[in-house]
Amino acid sequence: MSDAQAAADTLNMELKYGTVVIKLRPDIAPQASARLLKLAGEGFYDNTPFHRVIPGFMAQGGDPTGTGSGGSPLPNVPAEFTTDAKFLTGTVGMARTGDPNSANSQFFICLAPTPWLDGQYTIVGQVVSGMEYVNDIKKGVGQSGSVTDPDRIIHMTVAAQ
């Protein structure tokens, strides 16, 4: 893969703690990868909160409403499950409802290995730099992981831009 192609499949997510670099996986999730690239390129994720953060599990963001039920105006993305990758620390997955084909704009970053998600959620990428900043994201409370006054994505861009 060329450096230009690698940059085109990479997101830079700026948090107040530092920059997180996410390498997308269009090889296993082409539609989900294209969705994140499109939305990041449009500035959709700028100032969106990490509304659900469960210690030892994951940090979820990408909902402009901050409620966990919002998304982009684009149609949902179908499930792209794989056995070629596993949910490990730093894996980025597409959030969804109970309907496997309901992913839209929300994503989550695993704070630890989560093997029970393998084959159940779309793996769209992997944090390759800045995981320490993901670990600093303000944690939620209770089983829902709901966050009061949550940390926000300052700016998310495609590295090739």
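The solvent-accessible area of Val124, taken with every protein chain present and a 1.4 Å probe, is close to 0 Å².
Between Thr148 and Ser102, the contour length at 0.36 nm per residue exceeds the alpha carbon distance by 14.0 nm.
For Leu37, Leu24, the ranking by accessible surface with the largest value first comes to Leu37, Leu24, using a 1.4 Å probe. Label-to-label distance, Gln120 versus Lys138, with points set 7 angstrom from Cα along the beta-carbon direction: 2.9 nm.
Our coupling estimate for segment 122-131, obtained by passing each phi through the Karplus curve with A = 6.51, B = -1.76, C = 1.60 and θ = phi - 60°, is 6, 8, 10, x, 8, 5, 10, 7, x, 4 Hz, Gly and Pro reported as x. Extension gain for the segment Asp46 to Thr83, taken as residue separation times 0.36 nm less the Cα-Cα distance, is 10.1 nm to one decimal. For segment 76-89, the Karplus equation 6.51 cos²θ - 1.76 cosθ + 1.60, evaluated at θ = phi - 60°, returns couplings of 5, 9, x, 4, 10, 6, 9, 10, 8, 8, 10, 7, 10, 4 Hz by residue, with Gly and Pro reported as x.
Note on the chain: Lys pairs 8 or more places apart or on different chains, Cα atoms under 18 Å apart, count 4. Largest accessible area first, the residues Tyr45, Tyr133 order themselves as Tyr133, Tyr45 under a 1.4 Å probe with ligands, DNA and RNA left out. Modelled spin-label separation between His155 and Val21, with each label point placed 7 Å from Cα along the Cα-to-Cβ direction: 1.8 nm.
The values are calculated or read from the model by the stated rules, or taken from the named source; none is laboratory data. Here the structure is a predicted model, which is why all the values come from computation and not from measurement. Heads up, the Cβs are rebuilt from the backbone with ideal geometry, glycines too, and the neighbour counts pull from every protein chain shown. Surface accessibility is based on the protein's heavy atoms, side chains included, excluding ligands, DNA and RNA. Shrake-Rupley method; radii C 1.70, N 1.55, O 1.52, S 1.80 Å.
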